[in-house]
Amino acid sequence: MKDKLLDMFQLQEKLNIRINENWRDIRTHEDFSRATWIECAELVDSLPWKWWKKQEADLDNVKIEVVDIWHFIMSYILLDYKDIGEAIESEPVKYFEKALKEDFSNVNINGQYINHYLGETDYYRKIIFLAERVAEGFLKDDINEGIFFFGLLVKNTISFDELYLLYIGKNILNHIRQEKGYNTGEYKKIFNGIEDNQYLFQIVKEVKSKDQLEEKIREAFEKIA
């Protein structure tokens, strides 16, 4: 797991530098906190929570939103740790690892929230509850609580290995977006009525290793972008 964490944090650092080489001087924890809770809201909107209309759960998009949240959580942590080796050994990452194992020992987390999580039997309500706790943690600047519930969110929606592979794929897509003018408004995310994230998700489902990903993704996006 540590090797994959290191890989993801290194890639996130490179992406942040590509977007702006001085990103640490201009971005704040508040920026990444806001981005995190907004992505949490988008995740919730992929589930049938609206009682006044019929909704279908979009579990593929839930996974995509989990990966998007992870981008901003890593960036939040990287603001505090220029040394990536220290970042992956930090207390917040330890909370993340404990949550993946559902290890509730020696964590400073609201016990009522843990009891609610353990007692919730409806799958969609459980995922919504976890996403809201991630958002709450970052809104009140409690990184350990936010990332702990993010770890539980990962455990209940996507395996760590799938998170890794989807993150690698999204990282490649983010570089393609930058190459094609995402930050200047030239890049369009919708192709043939389908968002680029959905194309990406289909590619990742067909690929079993990191080594195949970039070739397959670039090949696909050269055809459609």
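So which residues in the stretch 198-215 are among the aromatic types (F, W, Y) and either at pLDDT below 75 or touching a Lys or Arg at 6+ places or on another chain (Cβ under 9 Å) (or both), if there are any at all? Walk me through how you get there before you give the answer.
Applying the first criterion (among the aromatic types (F, W, Y)) to the stretch 198-215 yields 199, 201.
Across the stretch 198-215, the qualifying residue is only F201.
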Would you pick out the residues in the stretch 76-94 that are touching a residue at least 24 places away in the same chain (Cβ under 8 Å) and either crowded, with 16+ Cβ neighbours inside 10 Å or assigned to a helix (DSSP H, G or I) (or both)?
Y76, I77, L78, L79, I84, G85, A87, I88, E91, P92, V93
Say we look at the stretch 1-21 and pick out the residues that are of a type outside the set (D, E, K, R) and not in a helix (DSSP H, G or I); which of these is farthest from the chain's Cα centre (by Cα)?
N20
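Is it the case that the stretch 118-133 has a residue that's of a type outside the set (S, T, N, Q), within 13 Å of the chain's Cα centre (by Cα) and in the same structural domain as I77 (by TED's automatic domain parsing)?
Here is the first cut: in the stretch 118-133, the residues of a type outside the set (S, T, N, Q) are 118-120, 122-133.
Subsequent filtering for residues that are within 13 Å of the chain's Cα centre (by Cα) retains 131.
Next cut, in the same structural domain as I77 (by TED's automatic domain parsing) only: 131.
Yes, the stretch 118-133 has at least one match.
From the list E102, E136, which residue is outside any helix (DSSP H, G or I) and modelled with pLDDT of 95 or more? Break it down into steps so the answer makes sense when it comes.
Working: E136 fails: outside any helix (DSSP H, G or I).
On inspection, the qualifying residue turns out to be E102.
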Members of the stretch 22-49 that are in a helix (DSSP H, G or I) and β-branched (V, I, T)
I26, T36, I38, V44
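Look at F160 and say whether it is in contact with a Lys or Arg (Cβ under 9 Å, 6 or more places away or on another chain), within 30 Å of L213 (Cα to Cα) and at pLDDT below 95.
Details: in contact with a Lys or Arg (Cβ under 9 Å, 6 or more places away or on another chain): yes; within 30 Å of L213 (Cα to Cα): yes; at pLDDT below 95: yes.
Yes, satisfied.
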Scope the stretch 18-57; condition of a type outside the set (S, T, N, Q), touching a Phe, Trp or Tyr at 6+ places or on another chain (Cβ under 9 Å) and either in the same structural domain as N197 (by TED's automatic domain parsing) or buried (at least 18 other Cβ atoms within 10 Å of the Cβ) (or both); matching residues
F32, A35, W37, E39, C40, L47
With the condition kept exactly as written, say whether any residue in the stretch 135-150 is buried (at least 21 other Cβ atoms within 10 Å of the Cβ), in contact with a Cys (Cβ under 6 Å, 6 or more places away or on another chain) and under 22 Å from E30 (Cβ atoms).
yes
Could you grab me the full set of residues in the stretch 60-75 that are polar (S, T, N, Q) and either within 21 Å of W23 (Cα to Cα) or crowded, with 24+ Cβ neighbours inside 10 Å (or both)?
S75
Yes or no: the stretch 165-175 includes at least one residue that is under 12 Å from the mean Cα position of the chain (by Cα), more than 15 Å from Y95 (Cβ to Cβ) and not in a helix (DSSP H, G or I).
no
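The values are calculated or read from the model by the stated rules, or taken from the named source; none is laboratory data. Quick caveat, the model's predicted, so the values are computed rather than measured. Ideal geometry is used to build each Cβ from the backbone, glycine not excepted, and the neighbour counts take in all protein chains shown.
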